[in-house]
Amino acid sequence: MNDNMTHLEKDFHIFHRDNPKVYELFKKFTKEVIDAGFTHHSARDIMRRIVWETTIVTTDDQYKINNNHTPYYARLWMQQHPEYPGFFRTRAVREAA
């Protein structure tokens, strides 16, 4: 982490480091969407499925996923998968006041 990061970015990096399973699920479910033929999709929908899987299907209450992390997961995924440009549509992230 660096000093130029916003509070939201720092929170994301800490959560991501401490909960690698969340990003593994993000990648898995995004691949399923791509395999179903979609050329773009909602990162928020992917995150909702992760919440569903970790709270309903697996009854795993370990992950309390902050909605603020969603855009950072989308950006990380797109950075690591340049073969799918614009798969997630992103906007500027604004720091809460």
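Observations, loosely collected:
- Residues of type aspartates and glutamates that Lys64 reaches as a straight line, Cα spacing below 15 Å, ignoring anything fewer than 8 places off in the same chain: Asp11, Asp18, Glu53
- The phi-based Karplus calculation (6.51 cos²θ - 1.76 cosθ + 1.60; θ = phi - 60°) puts the 3J(HN,Hα) values of the range 43-51 at 5, 5, 5, 4, 5, 4, 5, 4, 4 Hz, whole numbers, x for Gly and Pro.
- Gained length - Phe38 relative to Glu24, 0.36 nm times residue gap less alpha-carbon distance: 3.1 nm
- The length gained by stretching the chain between Ala92 and Thr55 to full extension, at 0.36 nm per residue less their Cα-Cα distance, is 10.4 nm.
- Linear extension gain, His13 paired with Asn67, 0.36 nm per residue minus alpha-carbon span: 18.1 nm
Every number in this text was worked out from the coordinates using simple rules, so none of it is lab data. Keep in mind it's a predicted model, so treat the numbers as computed, not measured.
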